[in-house]
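One structure is given below, encoded as C-alpha cells.
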Amino acid sequence: MKEKKKIKIYDFEILDFNFPYARLRISCSKGTYIRTLVNDLGEILQTFATVKELRRIKVGDFDVKDAIKMEDFEKMQADQIIKKLIPIDKALCQYEKIVLDKSYYKQATNGMTMKVDYGKNVDNYLRVYVGDLFIGLGEYKNENKTLKIKKVFYER
C-alpha cells in the first residue's frame with residue numbers, strides 16, 4: 001500500500017447531475033489522484049463511483065483556455081505560431097532563479113560544473129540564466145558552492 005500524503009482540495013463543485021452520472025470541477029493540490037478521490041466519494045456514499053472522463057484544465061499557470069485549437073493552429077502562419085509560444089522557463093518557474101555573469105556562458109551551455117556562490121543556503125535545482133538568456137536547469141550544492149548543469153535547453 002502506498003504511503004498516505006496530505007493533499008488539499010481547494011474547490012469541489014457539482015456542475016451537473018443526471019443519475020447515475022455527475023460532472024464535477026475540482027481544484028486541488030499537486031499529487032491528488034482524482035480517480036481515487038472519486039472512488040473514496042463512492043465509498044462514503046455507500047455506493048460505487050468511477051471516473052468516466054477526466055480532463056485537466058489547469059496546471060500551475062497553464063490553462064486550457066489559453067490553448068490553440070487544432071483547426072485554428074492548422075490555419076496559422078509560422079510567425080503567428082511563434083508569437084503564441086510560451087518560453088520553456090515559464091514551465092519551470094517552481095525552481096528558483098540564478099543569474100550568472102556572461103563569463104559563464106561557455107561553461108553553462110556546455111553543461112559543466114561551475115564554482116558559484118548562490119548566496120542562499122539551498123541544495124536544489126535552479127533555473128540557470130546567463131544574463132537574460134535561459135540556459136537550463138542546474139543542481140546547486142551549497143556545501144561546495146557548485147552548480148552542475150543537468151539539462152541545457154538553450155540552443156545556439
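The values are calculated or read from the model by the stated rules, or taken from the named source; none is laboratory data. Note that the structure is predicted; figures quoted are calculated from it, not measured. Reconstructed Cβ throughout: ideal geometry from the backbone, glycine too, with neighbour counts over all protein chains shown. Calculation scope for accessible area: heavy atoms of the full protein, side chains included, ligands and nucleic acids excluded. Shrake-Rupley method; radii C 1.70, N 1.55, O 1.52, S 1.80 Å.
As an equivalent ellipsoid, region 81-120 spans semi-axes of 25, 15, 8 angstrom, where each value is the square root of five times an eigenvalue of the C-alpha gyration tensor, largest first. Rolling a 1.4 angstrom probe over the protein heavy atoms with all chains in place gives region 88-152 an accessible area of 59 Å² per residue.
The accessible surface of the chain, taken with every protein chain in place and a 1.4 Å probe, is 51 percent carbon and sulfur. Global size of region 88-152: 10.4, 29 Å for Rg and Dmax (C-alpha atoms, Rg to one decimal, Dmax whole). Extending 7 Å from the Cα toward the beta-carbon at both Ile26 and Lys145 defines two label points whose distance is 4.8 nm. Here the contact order of the chain, divided by its residue count and restricted to Cα pairs under 8 Å and six or more residues apart, works out to 13 percent.
Could you work out how far the C-alpha centroid of region 66-129 sits from that of region 12-49, in angstrom? What the calculation gives is 36 Å, centre to centre. Model label sites at Glu3 and Met112, defined 7 Å from Cα along the beta-carbon direction, differ in position by 3.9 nm.
Between the labelled values (1) 1.47; (2) 1.17; (3) 0.98, the entry that holds Cα Rg over 2.2 N^0.38 Å as derived from this structure is (1). Helix 34-44 and the longest principal axis of the Cα set of the chain meet at an angle near 30°.
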